[in-house]
Amino acid sequence: MMKQIQKRGSRLVAGFSAVSLLALLSGCQRAPTFSILGSFFPAWLFCIIAGILLAWGAQWFFTRLQIESYIKPAILVYPCLAAFCAFTLWLVIFS
């Protein structure tokens, strides 16, 4: 009886391990890239650049509205805004 339980347990562990490995391999699909003049660039690079540009645009907009002086600490807010824009673009475009 005890040997049956041990065999069943070892089969369960082996099956779970196999399914876990297959789940990890499912992430090895084609990476989202852009071909520019024959050179492939990762899509996240474009999202980061767009996020930085959007944060710069927000800073310009806040300056025009004269509310930039209320944004404290700016050295923390703008990089977080750039990251938020980049992550949002990644999720909207590539998910």
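Throughout, read-outs are computed from the coordinates displayed, never taken from laboratory work. Since we're looking at a predicted model, the values are computed, not measured. Neighbour counts run over all protein chains shown; Cβ positions are idealised from the backbone, glycine included.
Note on F34 and A74: the model spin-label points, each 7 Å out from Cα along the C-beta direction, lie 2.9 nm apart. Highest mean packing comes first when the peptides 58-64, 69-75 are listed by Cβ atoms within 10 Å, giving 58-64, 69-75. Label positions at A43 and T63, each projected 7 Å from the Cα along the C-beta direction, are separated by 3.3 nm. Peptide packing for 34-44, 80-90 was compared via the average number of neighbouring C-beta atoms within 10 Å per residue; ordered from the highest value, the list is 80-90, 34-44.
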